[in-house]
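What follows is a set of notes on a single structure, which appears directly below.
None of the figures in this text is laboratory data; all of them are computed from the coordinates on show. All values reported here derive from a predicted model rather than from experimental measurement. Here the Cβ positions follow ideal geometry from the backbone for every residue, glycine too, while neighbour counts run over all protein chains shown.
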Amino acid sequence: MASQPTIYGEEAAFTRRGVAELSALRCVDMVLDGCLMRGNMGTRSTMTQISETTLRTQITECTRMMVMAELLDYSGHVSARIPGTDRFLIPPRDASRAGLTPDEILVVDINGKVLEGKGPAPTETAIHSGVYRHRPDVLAVGHGHPPMSTLFTMVDRPMVAVRNYGFRFIGIPVHADPTHIRTAAQGDAVARTLGQCSCCLLRGHGSVVAASSIPEVFLDSLEMEENARSTVHACTLGNLLPITPEEVELLKVSFARNTYRIAKTWEHYQEKAKLAGML
């Protein structure tokens, strides 16, 4: 029998505690560089001038596109702050993610209490409310169940980058609680794990993405999963040679020039979803 390929070389020796420490350091480094782990991935659209009607449409489209991209299944949710308020929009618990409509979306307060709309809020609304309470800079949150990314919560190895855009996800934090995030205390704990990063993983569960717009939630969710999938596939070919710290510095500069990526990706998947009958 052929020997199994070495996956991460020296990084394979990290303990989970070591991974957490590395994740925190890398996140801090990214934030200090002013890119919030996003590497200046494009012009960040502010939501301060976006109407509630537009946000409802964006949440609907993002949710359906994430289902199409297998980032959401029958569960998971995308939310958005209502500009100038302490409220946010989120789909109801029981609405189909594949068939969500703008009028189904709920208005909830910063603690997750339903203020407008029919049906209960999602069981894990506390993820969103916790992030919004702790991060006033965050205007949109996504919680999904990406299968490949979630694998990295169940091994003693950090997320690495094998796609050039994957440098943003190197060593992202992993939240240790594998249960459903139902309470305010659990939501606060997720927000502490997230810290100033733009994303984190939940052990055996899924992902949390925090951004300044809904299209950014989609982009980060998509590329985190694509990087994870590519990593798993690459491991079957031989020893993995992930993006190095020196290459990360080059990629930050390179991607800072791509001021169109967020809108381009959003528009591409909008058209793809329309052709597939998802929009």
### Message
Can you pull out the chymotrypsin sites (Phe, Trp or Tyr not before Pro) in the stretch 56-152 whose DSSP state is coil and whose Cβ has at most 11 other Cβ atoms within 10 Å?
### Response
TYR74
## Note on the structure
Mean 1/r over distinct Cα pairs of the stretch 57-153, inverted to a Kirkwood Rh in Å, yields 13.4 Å
### Message
If you wrap a convex hull around the alpha carbons of the stretch 9-275, what volume per residue comes out, as a whole number of Å³?
### Response
119 Å³
### Query
If each residue's Cβ is checked for other Cβ atoms within 10 Å, how do LEU222, LEU115, LEU71 rank with the fewest at the top?
LEU115, LEU222, LEU71
## Note on the structure
Mean separation of Cα contacts under 8 Å (at least 6 apart) over the residue count of the stretch 122-279, i.e. the relative contact order in percent, is 30 percent
### Task
Write down the Kirkwood hydrodynamic radius of the stretch 132-213, to one decimal in angstroms, obtained as one divided by the mean of 1/r over all alpha carbon pairs.
13.1 Å
### Task
Please sort by residue number the trypsin sites (Lys or Arg not before Pro) in the stretch 222-264 whose DSSP state is loop and whose Cβ has at most 15 other Cβ atoms within 10 Å.
ARG257
#### Entry: Relative contact order, percent, the stretch 9-275 [alpha-carbon distance under 8 Å, six or more residues apart]
25 percent
### Task
Could you tally the net charge around MET148, taking each other residue with its Cβ under 9 Å from the Cβ of MET148, Lys/Arg +1 and Asp/Glu -1?
-1
### Message
Name the residue from LEU219, VAL160, LEU106 whose Cα lies farthest towards the positive end of the charge dipole of the stretch 9-275, charges +1 on Cβ of Lys and Arg and -1 on Cβ of Asp and Glu.
### Response
LEU106
### Query
Translational D (Stokes-Einstein, µm²/s) of the stretch 232-272 at 25 °C and 0.890 mPa s when Rh comes from the Kirkwood sum over C-alpha pairs?
190 µm²/s
### Message
As a test, work out the antiparallel percent of DSSP beta bridges whose residues both lie in the stretch 125-279, rounded to the nearest 5.
### Response
80 percent
### Message
Loop-only chymotrypsin sites (Phe, Trp or Tyr not before Pro) in the stretch 177-266, please: DSSP not H, G, I, E or B, and at most 16 other Cβ atoms within 10 Å.
### Response
TYR260
